[in-house]
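First up is the structure itself, then whatever we jot down about it.
Just so it is clear, none of the values below were taken in a lab; they were calculated from the coordinates. Because the structure is a prediction, the values reported are computed rather than measured. Note that each Cβ is placed from the backbone with ideal geometry, even for glycine, and that neighbours are counted across all protein chains shown.
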Amino acid sequence: MTPETIEGYGVRLRPCHPADVPEMVAGCADPQSRRFMPLLPDPYDADAARWWIAEGAPAAWAAGGSAYTIADPATDRLLGSIGLTRVSAERATYEIGYWVGPSARGRGVATAATRLLTEQAFTAGAGRLELLTHPENVPSQRIALACGYRHEGVRRAAGAPREGVRPDLVAWVRLAGDPPGPTARLLPDLPGGRLTDGVVALRRVEPADVDALHRLHTLREVVANRVPPVPPERAAVARRCRLAATRWLAGEAADLAILDATTGVVVGGCALFHDEPATGQAMVGYSLLPEARGRGLATRTVRLVAGWAFGIGVLRLWAGTRPDNPASQHVLERAGFRREGLLRGRLPGPDGSRVDSVVFGRLATDEN
Ligand SMILES: CC(C)(COP(=O)(O)OP(=O)(O)OC[C@H]1O[C@@H](n2cnc3c(N)ncnc32)[C@H](O)[C@@H]1OP(=O)(O)O)[C@@H](O)C(=O)NCCC(=O)NCCS
């Protein structure tokens, strides 16, 4: 590839030059850049920027990749940086990477630059582009989806070690023949970020929910429904809270906190799992903290989730309850589900035993 300037909508990709140094330092010394680009020199100062311009970027070009400054077309000032690393010449595969300085974030700069470089790479003969993100780098994952990249999986412990821990990397991939995006999502964002009927409100689980959800998931009667039926460590709940956003974007689960709509206090948890996308089936699970029970909040929650699920294309929703859990069965019936049958020995119980599951289902076409 040769370092030619590419003009795009709202962004220009051009070779970097010495006037970029101050903005390059501001962008790469920023804490978010440091967190999600652990291979940057530390500290990132003017010498590091000059090294990139004189040696790093030319080396990327010489290796068959690219290294552009993302510039404002009106001023030619640096907004960020983007480039391709060649993964394999024989297979025409590349990895795309980028950053945008803090003062230019949140207005579509990275999305526009990624779209532009992606199209240019395919025009130049690339067959497959990979975009690897830290699991908690939500903005970058949204950029991937906007530019037609698809969630391909998690590369376990593929990231650069930090404080002795190697993070997973999430692989987003676009092939030359894939449509330009945005990529369709099995689980779109909630409208306005929440579902509410005025009494309960549901929103995506957040890292700050860890205390309430750890208390919830270590309650004896909630543990009994877990697979396997053992209480989770606090660290496992914290991880689930941190990863809720990426699992949602990947279409795996909509992990929801149930709030008292008046106080905003977390009173429980609910999750929609796309367990069988090919048939349009999804599963719902829920539990409430003891102080929130007996007020119809679980029924309201399931009704809200079912309404949303059918609106985004789910055709059949199901839930399984233990035979000795009449409260949960009552919730499902009041939320329009029908008892469909008994799955014998469906779930692992304590001490190697098996537990039956009573299955309830509701179809998108059912009368409520
Ligand atoms: C990731 C980064 C490049 C984004 O740059 P940007 O120009 O702000 O990106 P855009 O404005 O094009 O798009 C950002 C998307 O993330 C969303 N977003 C931004 N901050 C967010 C946050 N804290 N939580 C959730 N979403 C967020 C935006 O709403 C937008 O998504 P949408 O278009 O679907 O609404 C920039 O934050 C950055 O340089 N970060 C540090 C380096 C880095 O992470 N590089 C990528 C490594 S894989």
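Tell me, in nm to one decimal, what length is gained between Leu343 and Val165 on full extension, where the rule is 0.36 nm per residue of separation less the Cα-Cα distance?
Working: separation 178, 0.36 × 178 = 64.08 nm, distance 4.13 nm.
The Leu343-Val165 span can extend by a further 59.9 nm.
Using 0.36 nm times the number of residues separating His330 and Asp211, minus their current alpha carbon distance, what extension gain do you get?
This chain segment gains 40.0 nm when fully extended.
Could you tell me which chymotrypsin sites (Phe, Trp or Tyr not before Pro) in region 4-107 are loop residues by DSSP with no more than 16 other beta carbons within 10 angstrom of their beta carbon?
Within region 4-107, the qualifying chymotrypsin sites (Phe, Trp or Tyr not before Pro) (loop, at most 16 other Cβ atoms within 10 Å) are Tyr9.
Once you have a ≥ b ≥ c as the square roots of the Cα gyration tensor eigenvalues for region 216-332, tell me rounded if a/c is under 1.5, and otherwise prolate or oblate according to whether a/b is larger than b/c.
Judged from the Cα gyration tensor, region 216-332 comes out rounded (a/c under 1.5).
Classify region 6-175 from the C-alpha gyration tensor, please: rounded if a/c falls under 1.5, else prolate or oblate depending on whether a/b exceeds b/c.
Rounded, because the longest to shortest axis ratio a/c is under 1.5.
Which residues make up the longest stretch of the chain clear of trypsin sites (Lys or Arg not before Pro) that lie in a DSSP loop with no more than 13 other Cβ atoms within 10 Å, not counting the sites?
Working: sites that count: Arg91, Arg107, Arg156.
Between the exposed loop sites, the longest stretch runs 157-368.
Need one number: nm distance between label points at Ala157 and Thr218, each 7 Å from Cα along Cα→Cβ, rounded to one decimal.
That separation, rounded to one decimal, is 2.7 nm.
Sorting Thr75, Thr114 on the 10 Å Cβ count, fewest up front, what's the list?
The order, fewest Cβ neighbours first, is Thr75, Thr114.
Using only Cα atoms and rounding to the nearest 10 degrees, what angle (0 to 90) does helix 234-249 make with the longest principal axis of the chain?
For helix 234-249, the angle is close to 70 degrees.
Which loop-located GluC sites (Glu not before Pro) does region 110-173 contain, where loop means any DSSP state but H, G, I, E or B and the Cβ has at most 10 other Cβ atoms within 10 Å? Intermediate values should be presented prior to the final figure.
Numbers: sites: Glu119, Glu130, Glu136, Glu152, Glu163; in loops: Glu136, Glu163.
Filter output for region 110-173: Glu163.
Under a crude label model (7 Å from the Cα following the beta-carbon direction), how far is Arg91 from Ala236 in nanometres?
Once both label points are built, they end up 3.4 nm from each other.
In nm, what is the difference between 0.36 nm times the number of residues separating Arg35 and Arg194 and their Cα-Cα distance? Could you put the intermediate results ahead of the total?
On the way: separation 159, 0.36 × 159 = 57.24 nm, distance 2.86 nm.
Full extension of this stretch gives 54.4 nm more.
For the chain, take the longest principal axis of its alpha carbons; what is the angle in degrees between that and the long axis of helix 109-123, to the nearest 10 within 0 to 90?
That works out to roughly 70 degrees.
Principal axis lengths of the chain from Cα atoms, whole Å, largest first?
Extents along the principal axes, in whole Å: 70, 43, 39.
In deg cm²/dmol, rounded to 500, what helix-only [θ] at 222 nm does the chain give when every DSSP H run of at least 4 residues adds -39500 (n - 2.57) and the total is split over its residues?
-8000 deg cm²/dmol
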